[in-house]
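Everything below concerns the one structure shown next.
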Amino acid sequence: MADASLWTALADPHRRAIVALLLERPRPVGEIVEACGLSQPSTSKHLKVLREAGLVQVRQDAQRRVYALDPVPIAELDAWLAPYRRLWNTSLDRLGRRLDETSVDPEEPTTKD
(Lines give C-alpha, C1' and ligand atoms only; values in the text may rest on other atoms or scores of the structure.)
Protein backbone atom coordinates (compact mmCIF):
# COMPACT_ATOMS: atom_id res chain seq x y z
CA MET A 1 0.00 0.00 0.00
CA ALA A 2 1.11 3.55 -0.67
CA ASP A 3 2.67 5.41 2.23
CA ALA A 4 0.10 7.18 4.43
CA SER A 5 2.06 10.44 4.14
CA LEU A 6 1.26 10.48 0.41
CA TRP A 7 -2.46 10.33 1.13
CA THR A 8 -2.16 12.95 3.85
CA ALA A 9 -0.22 15.24 1.55
CA LEU A 10 -2.75 14.86 -1.25
CA ALA A 11 -5.75 15.31 1.04
CA ASP A 12 -5.39 19.09 0.92
CA PRO A 13 -6.86 20.82 -2.16
CA HIS A 14 -4.07 23.42 -2.26
CA ARG A 15 -1.44 20.70 -2.39
CA ARG A 16 -3.35 18.89 -5.12
CA ALA A 17 -3.40 22.17 -7.07
CA ILE A 18 0.37 22.46 -6.64
CA VAL A 19 0.84 18.88 -7.85
CA ALA A 20 -1.33 19.67 -10.89
CA LEU A 21 0.82 22.72 -11.67
CA LEU A 22 4.00 20.69 -11.37
CA LEU A 23 2.56 18.04 -13.64
CA GLU A 24 2.89 20.58 -16.47
CA ARG A 25 6.53 21.42 -15.70
CA PRO A 26 8.94 22.26 -12.86
CA ARG A 27 8.29 25.70 -11.40
CA PRO A 28 10.00 28.15 -9.08
CA VAL A 29 8.24 28.96 -5.82
CA GLY A 30 7.23 32.42 -7.06
CA GLU A 31 5.25 30.95 -9.93
CA ILE A 32 3.53 28.49 -7.62
CA VAL A 33 2.61 31.30 -5.23
CA GLU A 34 1.16 33.36 -8.08
CA ALA A 35 -0.73 30.47 -9.69
CA CYS A 36 -2.25 29.24 -6.42
CA GLY A 37 -3.11 32.67 -5.04
CA LEU A 38 -1.66 31.79 -1.65
CA SER A 39 0.83 33.71 0.44
CA GLN A 40 4.48 32.77 0.09
CA PRO A 41 4.69 31.35 3.65
CA SER A 42 1.54 29.28 3.12
CA THR A 43 2.81 27.96 -0.21
CA SER A 44 6.15 27.08 1.38
CA LYS A 45 4.37 25.08 4.09
CA HIS A 46 2.43 23.14 1.47
CA LEU A 47 5.61 22.51 -0.53
CA LYS A 48 7.33 21.26 2.63
CA VAL A 49 4.55 18.70 3.20
CA LEU A 50 4.78 17.57 -0.43
CA ARG A 51 8.58 17.35 -0.20
CA GLU A 52 8.48 15.36 3.06
CA ALA A 53 5.97 12.96 1.49
CA GLY A 54 8.40 12.48 -1.39
CA LEU A 55 6.01 13.86 -4.00
CA VAL A 56 8.22 16.75 -5.08
CA GLN A 57 11.91 17.43 -5.43
CA VAL A 58 13.56 20.81 -5.09
CA ARG A 59 16.72 22.18 -6.65
CA GLN A 60 18.52 25.47 -6.24
CA ASP A 61 18.79 27.63 -9.33
CA ALA A 62 20.84 30.64 -8.26
CA GLN A 63 18.55 32.38 -5.75
CA ARG A 64 15.43 30.43 -6.74
CA ARG A 65 14.09 27.10 -5.54
CA VAL A 66 12.59 25.11 -8.39
CA TYR A 67 10.12 22.34 -7.58
CA ALA A 68 9.36 19.31 -9.74
CA LEU A 69 7.21 16.22 -9.30
CA ASP A 70 8.93 13.00 -8.32
CA PRO A 71 7.28 10.31 -10.47
CA VAL A 72 8.14 7.38 -8.15
CA PRO A 73 5.50 8.02 -5.46
CA ILE A 74 2.90 8.79 -8.14
CA ALA A 75 3.68 5.41 -9.73
CA GLU A 76 3.25 3.75 -6.32
CA LEU A 77 -0.17 5.38 -5.94
CA ASP A 78 -1.12 4.31 -9.44
CA ALA A 79 -0.10 0.71 -8.71
CA TRP A 80 -2.11 0.72 -5.47
CA LEU A 81 -5.19 2.11 -7.26
CA ALA A 82 -4.99 -0.34 -10.21
CA PRO A 83 -7.27 -3.05 -8.72
CA TYR A 84 -9.87 -0.42 -7.83
CA ARG A 85 -9.69 1.01 -11.33
CA ARG A 86 -10.36 -2.49 -12.72
CA LEU A 87 -13.33 -2.81 -10.37
CA TRP A 88 -14.78 0.47 -11.61
CA ASN A 89 -14.09 -0.38 -15.24
CA THR A 90 -15.90 -3.71 -14.83
CA SER A 91 -18.86 -1.99 -13.17
CA LEU A 92 -18.98 0.71 -15.82
CA ASP A 93 -18.79 -1.89 -18.59
CA ARG A 94 -21.76 -3.72 -17.06
CA LEU A 95 -23.67 -0.46 -16.79
CA GLY A 96 -22.91 0.33 -20.43
CA ARG A 97 -24.15 -3.07 -21.54
CA ARG A 98 -27.33 -2.66 -19.48
CA LEU A 99 -27.97 0.78 -20.94
CA ASP A 100 -27.43 -0.61 -24.44
CA GLU A 101 -29.98 -3.35 -23.74
CA THR A 102 -32.60 -0.95 -22.45
CA SER A 103 -32.01 1.99 -24.76
CA VAL A 104 -34.80 3.04 -27.10
CA ASP A 105 -34.00 3.30 -30.76
CA PRO A 106 -34.78 6.92 -31.75
CA GLU A 107 -35.92 5.66 -35.17
CA GLU A 108 -38.57 3.36 -33.69
CA PRO A 109 -41.98 4.88 -33.13
CA THR A 110 -43.10 4.83 -29.53
CA THR A 111 -46.56 3.68 -28.62
CA LYS A 112 -48.71 5.39 -26.06
CA ASP A 113 -51.27 3.51 -24.01
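The values are calculated or read from the model by the stated rules, or taken from the named source; none is laboratory data. Computed from a prediction, not measured in an experiment: that's the story for all the values here. Note: ideal-geometry Cβ built from the backbone for every residue, glycine included; neighbour counts use all protein chains shown. With ligands, DNA and RNA removed, areas are computed over all heavy atoms of the protein, side chains included. Shrake-Rupley method; radii C 1.70, N 1.55, O 1.52, S 1.80 Å.
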Check: Quick one: in the stretch 1-25, which of the residues that are outside any helix (DSSP H, G or I) and among the aliphatic types (A, V, I, L, M) is least open to solvent (accessible area, probe 1.4 Å)?
Finding: 2
Check: Would you pick out the residues in the stretch 67-104 that are small (Gly, Ala, Ser), in a helix (DSSP H, G or I) and more than 30 Å from residue 52 (Cβ to Cβ)?
Finding: 91, 96
Notebook entry, point to check: Looking only at the stretch 48-65, which residues are on the phi > 0 side of the Ramachandran plot, under 18 Å from the mean Cα position of the chain (by Cα) and open to solvent by 60 Å² or more (accessible area, probe 1.4 Å)?
Noted result: none
Margin query: Looking only at the stretch 66-83, count every residue that is at pLDDT below 95 and either surrounded by fewer than 15 Cβ atoms within 10 Å (Cβ to Cβ) or more than 15 Å from residue 21 (Cβ to Cβ) (or both) and tell me the total.
Written below: 12
Check: Can residue 19 be described as within 13 Å of residue 66 (Cβ to Cβ), in contact (Cβ under 8 Å) with a residue 24 or more places away in the chain and among the hydrophobic types (A, V, I, L, M, F, W, C)?
Finding: no
